[in-house]
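The values are calculated or read from the model by the stated rules, or taken from the named source; none is laboratory data. None of the values given here were measured: they were computed from a predicted structure. Neighbour counts are summed over all protein chains in view; Cβ atoms, including those assigned to glycine, are modelled from backbone coordinates with ideal geometry. Each accessible area value is taken on the protein alone, full model and side chains, heavy atoms only, with ligands, DNA and RNA left out. Shrake-Rupley method; radii C 1.70, N 1.55, O 1.52, S 1.80 Å.
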Amino acid sequence: MIVQDVINHLEELAPLAYAEDFDNVGLLVGDKHAKITGILVTLDTLEAVVDEAIQENCNLIVSFHPIIFKGLKKITGKNYVERVVLKAIKHDIAIFSIHTALDNALQGVNDMICNQLQLNKKHILIPQTETIKKLTTYVPKDEAELLRTALFSTGAGSIGNYSNCSFNVEGYGTFNGNDTSNPTKGKKGITHTEIETKISITFPKHLEYQVIQTLLKNHSYEEVAYEITTLENKNQNIGIGMIGELEESMSELDFLGYLKSKMNTKCVRHSSFLNKKIKKIAVLGGSGSFAIEAAKSAGADAFITADLKYHDFFTAENNILLADIGHYESEQFTKNLLVAYLTKKITNFAIILSKTNTNPVKYF
């Protein structure tokens, strides 16, 4: 197994195409063709984590947060980022970051928080837009079934709980090949009319290259006519944050105690109590102040996130309980998620959960 094989598995869980534009995800250090000796999973890649990888004979670190976020103009070891990169390169250790791709995955960071809190009726808080594309093409009627089947095999035509979805209309296509053409239907220089099937099929944007290549491979025409359009539909399976419900409603005080226990945090910063029961919960791992309004609009009784500033708490507007549990604390179970996932996908050697606590925030 090589590094790229592991990346392929991770992209099945969280395609990098859905990471936020500001992010730096993917293979940050190392050779994608290198053979794997071991995989270490961590939340952050620090020097201590690289040392741990060396000790465990792991030459691939799968990290949630990217160690390289801004551009590096020099690598001299003057700060912790440069020292990590230097040590990783020296010891032939690759570093892969999944970050906001996993934030936006249906079974990612926020789903893990919901599971920790035992929430039901879960769904995406802020669905992504412009992630669904539609292919429209025209194929000879007798070849339509073959082409549809090939496109379905790529993952195209899947809508929620349904697969093999397409829309088909029969009509007449016309074309006239020039002297250098090599038509598979009709003869060059003569206008030909063919009974064709117009096939329309949707697919997630990360499959675009595969869909087009499959179309070209399985279409008999020398020149294949097709259109790719980006839809404005919200993607209910991809997006940031989640919302769900507790089995039983709780008082605000009981809920905060429950939250501290389930999320293993020593401190919860929260907005004023509203003297109402808590049942519907919105969550967003990491820095989530931008989603306060979305949580309110969704009718959440409480919003759990991290890195709220002083003025963010005013935006509760006396209709939602805001709870800041800490950045590390909100994402701490992410590495467990990745280890469990990779262990199911890769069975020929152990996937190691890093023992290094990378939380830079301490409590007195």
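Output the residues belonging to the stretch 337-359 that are in contact (Cβ under 8 Å) with a residue 24 or more places away in the chain and out of contact with any strand residue (DSSP E or B) (no Cβ under 7 Å at 6 or more places or on another chain). Don't jump to the end; show me each part of the working.
Taking the stretch 337-359 first, the residues in contact (Cβ under 8 Å) with a residue 24 or more places away in the chain are 337-339, 341-342, 345-346, 348-356, 358-359.
Within the stretch 337-359, 337, 341, 345, 346, 348, 349, 350, 355, 359 qualify.
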Quiz item: Yes or no: residue 67 touching a residue at least 60 places away in the same chain (Cβ under 8 Å), β-branched (Val, Ile, Thr) and in contact with a Ser or Thr (Cβ under 8 Å, 6 or more places away or on another chain)?
Solution: no
Quiz item: Here are some conditions: (1) part of a loop (DSSP other than H, G, I, E, B); (2) within 25 Å of the chain's Cα centre (by Cα). Residue 281 meets all but one. Which one does it not meet?
Solution: (1)
Quiz item: Quick one: how many residues across the stretch 102-140 are assigned to a strand (DSSP E or B) and either β-branched (Val, Ile, Thr) or open to solvent by 60 Å² or more (accessible area, probe 1.4 Å) (or both)?
Solution: 13
Practice problem: Would you mind telling me which numbered condition in (1) at pLDDT 95 or above; (2) assigned to a loop (DSSP other than H, G, I, E, B); (3) surrounded by fewer than 20 Cβ atoms within 10 Å (Cβ to Cβ) residue 311 fails? | Solution: (2)
Quiz item: Which pairs do you get when a residue that is under 27 Å from residue 105 (Cα atoms), found in the stretch 210-239, comes within reach of a residue that is part of a loop (DSSP other than H, G, I, E, B) and open to solvent by less than 30 Å² (accessible area, probe 1.4 Å), reach meaning Cβ atoms under 6 angstrom, with the pair 6+ apart or on two chains?
Solution: 210/154; 211/154; 211/156; 214/154; 235/131; 238/104; 238/131; 239/104
Quiz item: Which residue pairs have Cβ atoms under 6 Å apart, sit 6 or more places apart or on different chains, and have a first residue in the stretch 194-208 that is closer than 14 Å to residue 229 by Cα and aliphatic (A, V, I, L, M) and a second that is open to solvent by less than 20 Å² (accessible area, probe 1.4 Å) and not in a helix (DSSP H, G or I)?
Solution: 199/137; 201/135; 201/156; 201/157; 207/154
Quiz item: If you take the residues in the stretch 229-271 that are over 15 Å from residue 305 (Cα atoms) and touching a helix residue (DSSP H, G or I) at 6+ places or on another chain (Cβ under 7 Å), which one is most open to solvent (accessible area, probe 1.4 Å)?
Solution: 250
Quiz item: Taking the stretch 141-173 only, how many residues are open to solvent by 30 Å² or more (accessible area, probe 1.4 Å), of a type in the set (S, T, N, Q) and farther than 29 Å from residue 193 by Cβ?
Solution: 5
Quiz item: Based on what the data block shows, is residue 218 surrounded by fewer than 15 Cβ atoms within 10 Å (Cβ to Cβ) and of a type outside the set (D, E, K, R)?
Solution: no
